[in-house]
1. When you scan segment 426-433, do you find a residue that is out of contact with any helix residue (DSSP H, G or I) (no Cβ under 8 Å at 6 or more places or on another chain), away from the ligand (no atom under 12 Å from the Cβ) and open to solvent by less than 10 Å² (accessible area, probe 1.4 Å), even just one?
2. Has segment 147-162 got any residue that is more than 17 Å from Gly242 (Cβ to Cβ), among the basic types (Lys, Arg) and in contact with a helix residue (DSSP H, G or I) (Cβ under 6 Å, 6 or more places away or on another chain)?
3. Hey, any hits in segment 11-31 for a residue that's away from the ligand (no atom under 16 Å from the Cβ), free of Cβ contacts under 8 Å to residues at least 60 places away in the same chain, among the β-branched types (Val, Ile, Thr) and over 21 Å from Leu439 (Cβ atoms)?
4. Can you name every residue in segment 359-385 that is crowded, with 24+ Cβ neighbours inside 10 Å and of a type in the set (S, T, N, Q)?
5. Could you list, in sequence order, the residues of segment 308-319 that are more than 7 Å from the ligand (Cβ to nearest atom) and closer than 15 Å to Pro344 by Cα?
6. Sort through Asp336, Asp322 and tell me the only one that's assigned to a loop (DSSP other than H, G, I, E, B), among the charged types (D, E, K, R), open to solvent by 30 Å² or more (accessible area, probe 1.4 Å) and within 16 Å of the ligand (Cβ to nearest atom).
7. Exactly one of (1) surrounded by 18 or more Cβ atoms within 10 Å (Cβ to Cβ); (2) within 18 Å of the chain's Cα centre (by Cα); (3) within 13 Å of the ligand (Cβ to nearest atom); (4) of a type in the set (A, V, I, L, M, F, W, C) is unmet by Val389. Its number?
Amino acid sequence: MEEYILAIDQGTTSTRAVVFDRQGKVRAMSQREVSLNYPKPGWVEADAAEIWISVVYTMIDLVRNQQIDPKAICGIGITNQRETTVIWDKRTGVPIYPAIVWQSVQTADICQELRTEGAEELILKKTGLKLNPYFSASKIRWILDTQEGAREKAERGDLLFGTIDSWLVYRMTNQLHVTDYSNASRTMLFNIHTLSWDPELLRMFRIPETMLPEVKNSSEIYGMTAPYHFFGLEVPVAGIAGDQQAALFGHRCFAKGKAKNTYGTGCFLLMNAGDTPIISEQGLVTTIGWGLDGKITYALEGSIFSAGSAIQWLRDGLQIIDSVGESEELAESVEDSGGVYMVPAFTGMGAPYWEDKMKCTLLGITRGSNKAHIARAALESIAYQTREVMEAMHKDSQMKLSSLAVDGGASKNQLLMQFQSDILGKKVIRSECVEMTALGAAFLAGLAVGFWENTKELETLKIPESSFFPTLPEEEKESKFAKWKMAVQAARVFQGE
Ligand code: ADP
């Protein structure tokens, strides 16, 4: 019987279960949407029970409807939306509040208060992160502060915290409470130098340590599935990593200086920084890529908040296209953006600016401008932001990338990929495997159970890809980029409420 690895990719809006064979090829895939709730402006929450049920559903679908024999699964890897916070009762396993999703800003006041107290630098030094509601710590504190009796229960040791990986492993196994280094490094409670929960940060956020999961390697057998949750079988749960780190692993960026960019709702550019953390001076964050064989690999990350979402806005807001795919045809109908620039700060701007209050801005419009120029400007803005992050990475790391590996929904857009290569002046290598995140989780689990021997073997696997080469003359490339920077400066001046 042919054997497989199962990867669960629990994302913000959907859960995917993907079965991979020994060649790293997708053998079967099942997907289920997960709903989000917006109880107040800026708040984003999800039902943790629904998230777990979506995982169960996709696993059943693979077996029932896609002829995957559960006995053929040698190991399970989990990759997840990062930072999203769940707190549940240890005795009942029931969450005491909905999962607070990474994008949610209900904890902005807590962060502001800590900023006023001057905590920002200490946090950056210890965790590599920017003090921002995006990360888990302020979300945990908010639940303990606002839910009746929660703090007392937490102090008695009756509550457990987990990011989505922990929550799923707790359910899938016999209540193991674990996480991996990559997810721990996104909580803002984990000291990335000492590799432990940091007592000073726990005090600052008023969080009892008993709530926190044990931090493990990203690739090891954590435990077995509880048979009643996995077709009567005990299968090793053997890999965990946050989604962006898993994609870095899926791209096989095992060597220091290798990087990938994932073009989804936002864009996340991560570079393998080797075995020593680099604390950014350029508006990037430092994070743990993975822990493997007892060794930590660090990564530098540029988180761009609006990328594919700018294209969704062309469809839903401006209504100049019917589908996101159409953006390519429309943009192609003009030679260039005709001097139009879009700064897509729909939810403020992330790396390298971190400006909460910026708004999307269109500049350079003349009587000759039309919707095709705007579509082109939107696509180009994704590439410009990527170049800014890449330049920040060069400065922080003193390393120059010679090419960029890419994946994600918007990387299907040929025009965008060509422009990306043009504006970087570098080769762009696009993976044709659309499930790089899941593949990374499968690799981590497969290594732990001996399905693959080592990373050398993973490097020999043939994952189809296509390449884009720069064609734009140097002068034109630099003049376009200089104008983009001017556009950002103009947009920064206008910070409406
Ligand atoms: P996520 O995992 O963040 O949901 P995906 O990797 O599924 O993202 O990609 C979806 C995003 O990619 C959407 O924001 C969508 O607008 C964008 N997108 C998908 N296809 C295209 C395309 N052909 N051209 C431009 N953008 C696209």
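1. no
2. For segment 147-162, residues more than 17 Å from Gly242 (Cβ to Cβ), among the basic types (Lys, Arg) and in contact with a helix residue (DSSP H, G or I) (Cβ under 6 Å, 6 or more places away or on another chain): present.
3. For segment 11-31, residues away from the ligand (no atom under 16 Å from the Cβ), free of Cβ contacts under 8 Å to residues at least 60 places away in the same chain, among the β-branched types (Val, Ile, Thr) and over 21 Å from Leu439 (Cβ atoms): absent.
4. Within segment 359-385, Ser381, Gln385 qualify.
5. Ala310, Trp313, Leu314, Arg315, Asp316, Gly317, Leu318, listed by residue number.
6. Details: Asp336 fails: within 16 Å of the ligand (Cβ to nearest atom).
Asp322 is the lone residue from the list that is assigned to a loop (DSSP other than H, G, I, E, B), among the charged types (D, E, K, R), open to solvent by 30 Å² or more (accessible area, probe 1.4 Å) and within 16 Å of the ligand (Cβ to nearest atom).
7. All conditions are met except number (3).
Results for (1) part of a loop (DSSP other than H, G, I, E, B); (2) within 16 Å of the ligand (Cβ to nearest atom); (3) surrounded by fewer than 17 Cβ atoms within 10 Å (Cβ to Cβ), shown as yes or no for each residue.
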{"site": "Asn183", "(1), (2), (3)": "no, no, no"}
{"site": "Ala247", "(1), (2), (3)": "no, yes, no"}
{"site": "Gly257", "(1), (2), (3)": "yes, no, yes"}
{"site": "Asn272", "(1), (2), (3)": "no, no, no"}
{"site": "Thr276", "(1), (2), (3)": "yes, no, yes"}
{"site": "Glu281", "(1), (2), (3)": "yes, no, yes"}
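The values are calculated or read from the model by the stated rules, or taken from the named source; none is laboratory data. Given the structure is predicted, the values throughout are model-derived calculations rather than measurements. Here the Cβ is made from the backbone with ideal geometry for all residues, glycine too, and neighbour counts use every protein chain on show. What goes into the accessible areas is simple: the full protein's heavy atoms, side chains included, and nothing from ligands, DNA or RNA. Shrake-Rupley method; radii C 1.70, N 1.55, O 1.52, S 1.80 Å.
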